[in-house]
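Let me begin by presenting the structure, written as structure tokens, before commenting on it.
The values are calculated or read from the model by the stated rules, or taken from the named source; none is laboratory data. As the structure is a prediction and not an experimental result, all values here were calculated from the model. We place every Cβ from the backbone using ideal geometry, glycine too, and count neighbours over all the protein chains shown. Just the protein is used for accessible areas: all its heavy atoms, side chains included, with ligands, DNA and RNA removed. Shrake-Rupley method; radii C 1.70, N 1.55, O 1.52, S 1.80 Å.
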Amino acid sequence: MNILTTGAAGMLGTSLVPIYVAAGHNVIATDIDLMNPEPWGPGAPRLERLDVRERDAVRDAFDDARPDLVLHLAAETSLEVCDDDPDHAYLTNTVATKYIALECRRRDIPMVFISTAGVFDGTKTGAYTEFDQPNPINTYSASKYEAEKLVSSILDRYYIIRAGWMVGGGNGKDHKFVARILEQVRQGRTEIYAVGDKYGTPTYTYDFGRCSLNLIETQLYGLYHMACEGQGSRYDVAAHILRALGRDDIELIEVDSDFFRDEFPSNRPRSEIMRNMTLELQGMNLMRPWPVALNEYLDNHFHELIRGVRAVVAA
């Protein structure tokens, strides 16, 4: 298939593009950021510029690529940026998604839209399934949920996939929680603080890529949750990382969300725990337990750090 991919240079696209290419698909990779036009190296797709907020540019990209499927990854994912500038959030996450969906309808091709566990308000005791009603509590999540509704109303053939706490991208692309913990280790911190009152499921981008590829090949369209198996708090994830690094010399201190209120003022759900219920019922859940996936991520992308740390500890 010819697969037009938006936001391909981001954290998720960095993993998905090579997985789809290895499966034999022709990936047309686009992004607004062309600082590194060949992020996957020689022989892999070269990035082409596309700002999904420009309606004419979206149409031109479709005309040039003539895709059989669109993988829409482009988004503004910073909760604080979205809350500070709702117009930017809704243009980037909602209106731009409408442009993509309308072009898919005009050409009668399916679309993959990546959404978020954050569409829920976090008050449920157990894991959220695809059959629970969203209730966003911040601008980012509201803009993504409105985009979900647009995709499902415009198209008959679509995959809306809600992801958990993303882990992946390695050095340079990972700017989320795991990368923050690793950076503090690099800086030689003897104390690290992590939130214990927010719960979710780390989701390795490599597992997400394999599972999403398998899904689109089934043509079983619809809404899906796609997170690694299991659950935990931010504190639990940080504790696992330090154990994997052998860093029992670093004190991990559990705090509540107010501790980081100045840095991260946006409202976040207490729980973003998801169950991949629809994948499970259809026998298609390829997502591994998050500790297993996280160990692989650390070994594959931060092996030098782990080896060095273990040598220091052993000494």
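Quick notes
- Lysine pairs in the chain whose alpha-carbon atoms fall under 28 angstrom of each other, counting only those eight or more residues apart or on distinct chains, come to 15.
- The dipole here belongs to the chain: it is taken about the Cα centre, uses +1 on the Cβ of Lys and Arg and -1 on the Cβ of Asp and Glu, and is about 620 debye.
- Using only side-chain charges placed at the Cβ, +1 for Lys and Arg and -1 for Asp and Glu, the dipole size of the stretch 16-93 relative to its Cα centre rounds to 500 debye.
- Residues of the stretch 120-162: accessible area per residue with a 1.4 Å probe, Å²: 41
- Theoretical FRET efficiency, 1/(1+(r/R0)^6), r = Cβ-Cβ of residue 156 and residue 123, R0 22 Å, to 0.05: 0.10
- Accessible surface of the stretch 1-153, 1.4 Å probe, proportion on carbon and sulfur as whole %: 47
- The residues of the stretch 205-263 have, on average, 46 Å² of accessible surface per residue, using a 1.4 Å probe with all protein chains present.
- Under the combined filter of DSSP loop state and at most 16 neighbouring Cβ atoms within 10 Å, the stretch 18-98 retains these GluC sites (Glu not before Pro): 54.
- Contact order relative to length of the stretch 186-235, as percent, for alpha carbon pairs under 8 angstrom and 6 or more apart: 61
- Here the dipole of the stretch 42-173 is about 420 debye; that uses its Cα centre as origin and unit charges on the Cβ of Lys and Arg (positive) and Asp and Glu (negative).
- Among 139, 123, 92, the largest mean-square fluctuation in a Gaussian network model of the chain (Cα springs under 10 Å) belongs to 123.
- Choice from 291, 39, 110 showing the highest fluctuation, given a GNM over the chain with Cα pairs closer than 10 Å: 39
- Alpha carbon convex hull of the stretch 90-216, projected area averaged over orientations, nm²: 9.7
- Structural descriptor for the chain: relative contact order 18 percent, calculated from alpha carbon pairs under 8 angstrom and at least 6 residues apart.
- Positive-end extreme of charge dipole, the chain - chosen from 136, 287, 160 (charges on Cβ): 287
- The loop-placed chymotrypsin sites (Phe, Trp or Tyr not before Pro) in the stretch 112-187, going by DSSP, that have at most 16 neighbouring Cβ atoms within 10 Å of their Cβ come out as 131.
- GNM result for the chain, Cα springs below 10 Å: residue of 32, 160, 253 fluctuating most strongly: 253
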